[in-house]
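Colleague: The structure under discussion is supplied below as C-alpha cells; questions concerning it will follow.
The values are calculated or read from the model by the stated rules, or taken from the named source; none is laboratory data. What you see is a predicted model, and the numbers here were worked out from it, not measured in a lab. Virtual Cβ from ideal backbone geometry, glycine too; neighbours counted across all protein chains shown.
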Amino acid sequence: MNSNKLSTACLLLLILSTSAPFNTRAFASDISEIKASIQQAALRKLSKKVNAPIDKLEIVYTFKPTFRTIGKSGFGFVVVDKRNGKIFDIAVDANGQEMNIEKLAQQDKTAYVSKYGKLSQGLFEKLADTKPNDQISVVIKLKVERQDVKSIQAPVTVSTDTQQQTIENERVVNEAINKIEELGFNVNGDNSSPAVYGNLTPAQIRAIEKLDIVDNIDIL
C-alpha cells in the first residue's frame with residue numbers, strides 16, 4: 001500500500017505475473033464478481049491504515065492475486081482517495097483478512113523453484129514422459145543485465161540505450177552458446193530476447209539448467 005503509486009508488493013506481483021516460469025499471477029477481475037462484504041472489509045482495513053474516511057475511498061480497479069504453487073489466492077483492490085487523488089492498493093483473502101502479497105509471492109517462488117527448478121511446469125511434466133533419446137524443442141531464456149539510463153551521468157538518446165542493450169544481449173547469447181557447446185550440445189541464439197533455442201534430450205536439458213547464465217527453460 002502506498003500513495004500516488006502502487007506499492008512495491010503490488011508491483012512485484014505484476015512483474016512476477018509476466019515472468020516465466022513462476023506460478024504467481026495477478027489476473028484482472030470484475031468487481032461485480034467480488035462480494036460486497038469482501039470489498040467493504042478491504043476498504044475498512046485500508047481506511048484505518050491510511051487514516052482516511054471510508055466514504056472517501058473508491059475502488060477503481062480489481063485484480064486476483066493467485067499463488068498457484070502454494071495454492072492461495074485472494075482479492076486485490078486499487079483504491080483512490082477522492083479528496084486528493086492519492087492511490088493505494090490492498091489485497092485480502094476470502095475471509096477479509098489482509099494478505100501480505102510480497103511474502104506470499106516469495107513463498108510461491110521458493111516453492112516453485114524447489115519443485116520445478118528453472119523449468120516451466122509444462123516442460124517439467126513433459127520430461128517425465130519423454131524417452132532418454134527423444135528430443136524436445138525448447139527455448140532457454142538467459143539472465144541479462146538491463147541497461148538503466150538513469151544510472152548514466154551524461155544524457156543519452158533512446159537509440160543509444162537500445163544499442164547498449166543490444167550489445168549486452170549479444171554478449172550474453174554468445175556466452176551461453178559457448179558454454180552449451182562446451183557441454184557438447186548445439187543451439188541457436190536470439191539476441192532480441194535474449195535466448196537460445198534447440199532440440200535437446202531430457203539429460204541435455206537438465207545439464208543446461210545447471211548453468212548460471214540460464215534464467216528459465218520452456219517448451220518451444
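Colleague: Check whether at least one residue in region 165-175 is more than 23 Å from V113 (Cβ to Cβ), within 21 Å of the chain's Cα centre (by Cα) and at pLDDT below 95, and report yes or no.
Modeller: Yes, there is a match, as at least one residue in region 165-175 is more than 23 Å from V113 (Cβ to Cβ), within 21 Å of the chain's Cα centre (by Cα) and at pLDDT below 95.
Colleague: Please determine, by comparing only the residues of region 82-103 that are part of a helix (DSSP H, G or I) and touching a residue at least 60 places away in the same chain (Cβ under 8 Å), which one is surrounded by the fewest Cβ atoms within 10 Å (Cβ to Cβ).
Modeller: By that ranking, first place goes to E102.
Colleague: For region 62-77, does any single residue satisfy the condition of being more than 30 Å from T201 (Cβ to Cβ), surrounded by fewer than 20 Cβ atoms within 10 Å (Cβ to Cβ) and of a type in the set (G, A, S)?
Modeller: Yes: one or more hits.
Colleague: Next question, about the same structure. Quick check on L183: is it crowded, with 16+ Cβ neighbours inside 10 Å, at pLDDT 95 or above and not assigned by TED's automatic domain parsing to the domain that holds F67?
Modeller: The answer is no for L183.
Colleague: Say whether the condition of being farther than 27 Å from D108 by Cα and part of a helix (DSSP H, G or I) is met by at least one residue in region 66-81.
Modeller: Filtering region 66-81 for residues farther than 27 Å from D108 by Cα gives 80-81.
Keeping just the survivors that are part of a helix (DSSP H, G or I) gives none.
No: zero hits.
A quick yes/no check of all residues on (1) modelled with pLDDT of 95 or more; (2) more than 30 Å from D212 (Cβ to Cβ):
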{"residue": "E58", "(1), (2)": "yes, yes"}
{"residue": "M99", "(1), (2)": "yes, yes"}
{"residue": "T110", "(1), (2)": "yes, no"}
{"residue": "K115", "(1), (2)": "yes, no"}
{"residue": "V138", "(1), (2)": "yes, no"}
{"residue": "V144", "(1), (2)": "no, no"}
{"residue": "V149", "(1), (2)": "no, no"}
{"residue": "I152", "(1), (2)": "no, no"}
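Colleague: Which one of these is farther than 10 Å from I140 by Cα and touching a residue at least 24 places away in the same chain (Cβ under 8 Å): L220, L200?
Modeller: On the way: L220 fails: farther than 10 Å from I140 by Cα.
Of the residues listed, the single one that is farther than 10 Å from I140 by Cα and touching a residue at least 24 places away in the same chain (Cβ under 8 Å) is L200.
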